Amino acid sequence: MIYLDNSATTKPFQEVVETYAKVASTYFGNPSSLHSLGMQAEGLIGESRNRIARLLGVGANEIIFTSGGTEGNNIAIKGAARAKQNRGKHIITTRVEHPSADEAFVQLEKEGFDVTYLPVDQEGSVSVERVKKEIRSDTIIVSMIHVNNETGTILPIKEIGQLLKSYHQILFHVDHVQGVTKVPLELRKSGIDLCTFSAHKFHGLKGNGFLFVREGLKIDALFHGGAQESRLRAGTENVAGIVAMAKALRLSFEQDNKRKELEHLRHYLITKLKELEGVVINSPEHNAAPHIVNFSIPGAKPEVIVQSLTAKDIYVSTKSACSSKASEPSRVLLAMGLSEERANSGIRVSFSFETTAAELDQLIAELKVIIPELLEVVNS
């Protein structure tokens with residue numbers, strides 16, 4: 001099997017799965033219980049929180065456990081907006097956000113918030129100057145994705161964070177789900193107030209994530225019914241998933257020395273794809289994450305490409321996994337100014353630290369067979 005859909009989800013590390021199984025079977029007490037089993041479970045959560053905080057260079061009290069990126073984005077965006085609405089109701093974001101953030105903004109618009117969606121350039125990025133231009137006296141939040149989940153474009157988060165340090169009334173939220181362990185981001189130096197993470201993007205298990213909430217920041221909870229997670233996320237904690245997530249994050253950060261290898265693989269794949277007739281590259285060649293390559297075969301149906309490769313035990317995807325079954329063209333590619341035909345035929349290849357050049361060679365070999373057959377049908 002050649003798995004090249006790591007932006008949708010990564011394969012959990014074996015050590016992570018083993019940790020989950022051990023904790024789930026041995027430390028199964030409810031962390032809110034007063035007996036020893038509950039206290040043991042609570043202790044494991046605290047230890048995991050400390051470990052994650054140390055890896056990120058933040059305080060343990062700034063880590064809030066969630067079920068993943070979608071919940072984290074919703075808590076951050078809606079929670080901050082509703083908490084700050086007495087001061088203003090203007091929010092700034094971009095046209096290339098993950099659906100979990102984009103749809104949260106749509107919901108807030110229904111509640112009377114005014115959302116400015118910044119356009120992006122042909123590489124899918126925004127300028128600091130444009131952000132500054134859109135700031136108003138009633139702006140309360142700037143929210144942006146760090147690494148675009150479809151194209152790999154890296155937005156200038158650190159520079160925007162520096163700009164916002166001059167606007168103390170504005171909160172800065174960053175969706176770091178696709179970037180964590182692949183594209184470095186220092187939360188403190190970047191002036192970030194809220195930051196979203198998801199375990200299954202760094203070889204943890206699905207259904208786990210965490211949200212960085214800067215100390216002293218008050219936001220509204222989405223769930224009510226318990227005092228868990230500083231009252232920001234009521235509900236019995238997934239102890240085994242949390243412990244496994246902390247291990248996955250540590251193991252992923254330990255592979256930091258392989259980032260250059262990913263960059264070489266990305267360059268290698270782009271070079272090989274450019275040699276194929278009918279292929280156009282959508283991801284920027286520079287200022288992009290080392291693990292994502294997006295390309296189109298105009299005229300060909302992407303789902304046919306995906307299924308043809310699946311038959312060869314090679315796994316890629318189209319757009320965001322959260323919207324890949326929708327038939328409309330990629331809104332990210334459209335926002336970059338690409339044609340509807342190109343946005344309709346996007347394919348995403350995404351690596352892990354275990355991806356090899358030999359696997360990419362096999363992908364290219366299969367595409368050399370598949371593409372001419374498809375284009376012949378299209379042109380006949």
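The values are calculated or read from the model by the stated rules, or taken from the named source; none is laboratory data. Note that the structure is a prediction, hence the values are computed from the model and not measured. All Cβ positions, even for glycine, are placed from backbone atoms using ideal geometry, and neighbour counts span all protein chains on display. Heads up: the accessible areas ignore ligands, DNA and RNA and are worked out on the full protein's heavy atoms, side chains in. Shrake-Rupley method; radii C 1.70, N 1.55, O 1.52, S 1.80 Å.
Give the residue, chosen from Glu215, Glu229, that is under 30 Å from Ser352 (Cβ atoms) and either modelled with pLDDT under 95 or more than 16 Å from the chain's Cα centre (by Cα) (or both).
Glu229
Looking at the stretch 5-12, can you tell me whether even one residue there is touching a His at 6+ places or on another chain (Cβ under 6 Å) and open to solvent by 30 Å² or more (accessible area, probe 1.4 Å)?
Checked against the condition, which is being touching a His at 6+ places or on another chain (Cβ under 6 Å) and open to solvent by 30 Å² or more (accessible area, probe 1.4 Å), the stretch 5-12 yields at least one hit.
Open to solvent by less than 30 Å² (accessible area, probe 1.4 Å) and either at pLDDT below 95 or aromatic (Phe, Trp, Tyr) (or both) - does that describe any residue in the stretch 157-179?
Looking through the stretch 157-179, at least one residue is open to solvent by less than 30 Å² (accessible area, probe 1.4 Å) and either at pLDDT below 95 or aromatic (Phe, Trp, Tyr) (or both).
Which fully enclosed helices (runs of 4 or more DSSP H) of the stretch 293-380 have 3 or more residues being modelled with pLDDT under 90?
Because the criterion is at least 3 residues that are modelled with pLDDT under 90, the helices (runs of 4 or more DSSP H) in the stretch 293-380 that meet it are 357-379.
Mind checking which pairs have a first residue in the stretch 334-357 that is closer than 17 Å to Gly179 by Cα and in contact (Cβ under 8 Å) with a residue 24 or more places away in the chain and a second that is assigned to a helix (DSSP H, G or I) and among the polar types (S, T, N, Q), Cβ under 9 Å, 6 or more apart or different chains?
Here the result reads Phe353/Ser252, each pair linking the stretch 334-357 to a residue that is assigned to a helix (DSSP H, G or I) and among the polar types (S, T, N, Q).
Would you mind stating whether Val280 is modelled with pLDDT of 95 or more, touching a Lys or Arg at 6+ places or on another chain (Cβ under 7 Å) and not hydroxyl-bearing (Ser, Thr, Tyr)?
Yes.
Could you tell me which of the residues Glu62, Glu47 is open to solvent by 70 Å² or more (accessible area, probe 1.4 Å), modelled with pLDDT of 95 or more and of a type in the set (Asp, Glu)?
After ruling out the rest, the residue left standing is Glu47.
Only residues that are more than 19 Å from Glu42 (Cα to Cα), out of contact with any Gly (no Cβ under 9 Å at 6 or more places or on another chain) and in contact (Cβ under 8 Å) with a residue 40 or more places away in the chain: list them for the stretch 2-24, please.
Ile2, Tyr3, Leu4, Asp5, Asn6, Ala8, Thr9, Lys11, Glu15, Val17
Does Leu37 meet the test of being farther than 22 Å from Asp220 by Cβ, touching a residue at least 24 places away in the same chain (Cβ under 8 Å) and touching a Phe, Trp or Tyr at 6+ places or on another chain (Cβ under 9 Å)?
no
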